[in-house]
């Protein structure tokens with residue numbers, strides 16, 4: 001698929017995004033999905049899988065293709081993870097591990113004994129305790145390693161708190177290389193934003209954007225004006241990212257505080 005060649009650079013935040021009107025051009029083109037699945041050597045390519053991609057997971061599929069992880073779409077289909085679950089973000093495993101670590105740390109501190117003991121005596125005592133109990137230090141290390149290497153994924157889409165299917169779908173990131181090589185989770189969370197540039201809708205004037213949002217803006221005629229502690233640019237929204245030509249939104253002044 002021609003993903004890289006269709007990326008557009010936002011002149012507002014200097015990041016690449018995939019214009020929303022390019023998605024159907026790739027997904028709906030005859031045999032495009034099938035060919036991509038064949039290139040990735042996906043076994044047993046079914047109409048059900050292709051319909052899932054076309055109807056519910058087009059952005060998810062493009063993210064995986066972009067990352068050369070096309071085969072993973074089979075598991076995403078199995079767990080029913082689709083575009084409705086985007087965006088996501090990685091989190092560490094539940095905090096009860098930290099509480100256990102804190103308890104073990106307190107035990108170790110209590111065992112240290114009277115503060116009048118010499119440093120040498122305290123080291124000897126702790127070594128003896130480690131031998132008798134099977135090694136406190138190694139147990140702590142194993143628990144800490146488990147905490148650091150185990151990740152869960154949280155959906156930022158609305159409605160997930162009361163929808164059991166959200167939690168079931170997110171379990172796809174608890175499988176295989178997503179856990180053995182958790183860097184893949186961070187790659188996915190980073191790359192997803194290229195395919196999630198917002199669409200501005202008629203009549204809606206307030207938006208709550210995630211800090212990672214990539215805006216589909218072009219600077220109008222490169223014009224900038226200074227004012228106070230910022231520079232002001234006249235921008236134009238990519239036409240595919242406006243539901244209709246919205247008065248006051250197709251071009252307006254927006255401050256650039258990074259300058």
What order do you get for 18, 215 when you list them from fewest to most C-beta neighbours inside 10 Å?
-> 215, 18
With each label point set 7 Å from Cα along the Cα-Cβ vector, what nm distance links residue 150 and residue 167?
-> 1.6 nm
Give me the distance in nm between label points sitting 7 Å out from Cα along the Cα-to-Cβ direction at residue 212 and residue 180, one decimal.
-> 2.4 nm
Counting other beta carbons within 10 Å of each Cβ, put 77, 184 in order, fewest first.
-> 184, 77
Return the distance in nm (one decimal) between the two label points of a simple spin-label model at residue 6 and residue 243, each offset 7 Å from Cα along Cα→Cβ.
-> 2.3 nm
Give, in nm to one decimal, the length gained when the segment between residue 46 and residue 78 is fully stretched (0.36 nm per residue of separation minus the Cα-Cα distance).
-> 10.3 nm
Taking the Cβ of each residue in 168, 67 as the centre, tally the other Cβ atoms inside 10 Å and list the residues starting with the fewest.
-> 168, 67
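None of the figures in this text is laboratory data; all of them are computed from the coordinates on show. What you see is a predicted model; the values in this text were computed from it and never measured. Quick reminder, even Gly has a Cβ in these numbers, built from the backbone with ideal geometry, and neighbours come from all protein chains shown.
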